[in-house]
1. Stokes-Einstein D for region 119-176 at 10 °C, 1.306 mPa s, Kirkwood Rh over Cα pairs, in µm²/s?
2. P(r) of the chain in 20 Å steps, Cα pairs, percent per bin?
3. Once phi is turned into θ = phi - 60°, what whole-Hz ³J(HN,Hα) does the Karplus curve with 6.51, -1.76 and 1.60 give for every residue of region 522-533, x standing for Gly and Pro?
4. Can you sort Lys406, Lys526 by how many other beta carbons sit within 10 Å, fewest first?
5. When the scattering of region 59-156 is computed by the Debye formula from its Cα atoms alone, each counted once and equally, what is log10 I(q)/I(0) at q = 0.13, 0.20, 0.23 Å⁻¹?
6. Hey, what's the Cα Rg ratio for region 392-539 versus the globular rule of thumb, 2.2 N^0.38 Å?
7. From the backbone phi of region 62-71, what are the Karplus-calculated ³J(HN,Hα) couplings (6.51 cos²θ - 1.76 cosθ + 1.60, θ = phi - 60°) in whole Hz, Gly and Pro given as x?
8. Could the peptides 321-327, 204-210, 267-273 be put in order, highest first, of the mean number of other beta-carbon atoms found within 10 Å of their residues?
Amino acid sequence: MKEDWKKRSIVYQIYPRSFKDASGDGIGDIAGIIEKIPYLVDLGVDAVWLSPVYASPMDDNGYDISNHCDIHPDYGTLSDLKALIDALHAADIRLIMDLVLNHTSDEHPWFQESRQGKDNPKRDYYIWRKGKKNGAPPNNWTSFFTGPPWTYDEGRGEYYLHLFGRKQPDLNWENDTVIAEIEKIIRFWIDLGVDGFRLDVINLISKRSGLPDGRRRIGLRGREHYLNGPRVHEYLRRLHRNVFSPHGVMTVGETTFVTPQEALDYVGHDRGELDMVFHFEHMFVDNFLKWFLLPFRPKKLKKVLNRWQETMAEKGWNALYFENHDQPRSVSRFGDDRRYRVRSAKMLSTVLYFQRGTPYIYQGQEIAMTNAGFTELSQYRDIETKNVYRLGRQKLKLTHRRMMKKIMKMSRDNARTPMQWSADAHAGFSSVEPWIGVQENHAEINVERQRKDKDSVYHHYKRIIELRKRYDVIVEGDYRPFYQGHRRLFVYTRNHGEQTLLVVANFCGRATRFVLPAVLRDKTFKQILSNVKDDVDVRRWTLAPYEARVFICHGATDR
Ligand code: ISL
């Protein structure tokens, strides 16, 4: 990756439905985002990744697009979006749009035409197949949102493929005209002034020809035929050559189930494809196939993160994240959201954001918002959550209690509750009842309160962002892990020229002893960040529960 800003930027993800409602209808909107730009400036972020605001029937909260070049009226208009771009740019913040290119909504005009069949010029825009002789779907695959990924269309008399919901038909990238249309859409947004794209499930766009049956017994059956499919790299190189690279826009691909080695095929400096990818390996350390819960073991998380650091090293670039709109809140998941909410949230951000890569912060993470805590199914809005409940109850015959336990831990709605701006009614998010419940803990956990409190999680995030801007070693330095086999300590150094940075963290609720590794003993460290008050002797000390400290080697010069 050549362009420096992509490596140096701190990106803040906004899930527009839940960020800020300015219009007073209970749904967040673009005007609300504009209102909060001073907040983003105060936090110190350099770019915003905006989850979809396009026209959509909202079956999957906008990840089902019915017009890529228009805005959903819930959020505003195209001119509101232009105003957002201008206002962000005036504040020196870049805008990264979320683009869903694997599928569209079934309400997209392309699909409406495509389903008319034979003589329609768009008949091959999607993946249509005849059913089997007995009328069964064309193959045995399963969809990400449970059930078969095939729906029969009466009018056309064929099945269409949808790896996600029934209302999210997959586009046919084998059709050159589809790619040309996609390029047009990308150019449209570049011309409007956006600076980059987050590409939704981009490693699923190429399906093996013949769409053969899958072999897996459980989980996503058929995935070997479309994960990192046969032509995916060819397609991405084409987009890179034709639209991304001529404009220097940033690209971050969402690539599910990739290993670090496979990720290098997307982000390797010599590949000409993407700048970085979101991988999922660390999102699977406390579960099997998401819904089978496993106890969280910090060592497993550490192992995954270390492996990504070491494999990317000089060859690629990492996207650093613990949260997004699809994942539970990190403090509830990897920290302790009861006894040590503040300290463990600070520890998590410390461990993650001093690594090599571009940091992504998901709205609310910077104040350590917790999981939703919804106990009734009726409180949930998410399509995946509802489908999984149905599958668990009907097919697997699990009890209501058992399903609710899984959902309370893993539902995507955990991260989609309204942003907690203040202790006011509806958490200061809206003047009316929001589309999804506000958490009761907003009285205690909110932006207004944390901005006033120098010891808050918010101020810890601010400090991390300042440090990343001040010390080159945090962006450029290479990564070296220590204590790799330890169950609780997370320790690493970053090195760049004369600068050495040391991160020491205790990933658990018990005190833990640390001794400085021998190779670092000749250095003189000074502390630059911590989540506890007292001073320590860096050579050896006992860390309190969830304690985390960052040191820099003397002689390191400010940039
Ligand atoms: O959320 C998930 C659980 O881990 C995934 O199965 C998720 O659906 C997958 O990572 C793809 O996510 C992206 O595409 C989906 C959309 O629902 C998600 O919100 C989006 O981030 C379909 O467009």
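1. Values: Rh = 11.8 Å.
Taking Rh from Cα pairs, D becomes 135 µm²/s.
2. 21, 56, 22, 1
3. So the Karplus estimates, Gly and Pro as x, are 7, 9, 10, 9, 10, 6, 10, 7, 7, 10, 9, 7 Hz.
4. Working: Lys406 19, Lys526 10.
By the 10 Å Cβ count, ascending, the order reads Lys526, Lys406.
5. Treating every Cα as an identical point scatterer, log10 I(q)/I(0) equals -0.64, -1.10, -1.29.
6. Here the Cα radius of gyration is 1.46 times the empirical estimate.
7. Going residue by residue, I get x, 7, 10, 8, 10, 7, 6, 10, 9, 10 Hz, with x marking Gly and Pro.
8. Those peptides, ordered most packed to least, come out 321-327, 204-210, 267-273.
Coordinate-derived values only; no laboratory data. From a predicted model like this one, the values you see are computed outputs, not experimental measurements. Virtual Cβ from ideal backbone geometry, glycine too; neighbours counted across all protein chains shown.
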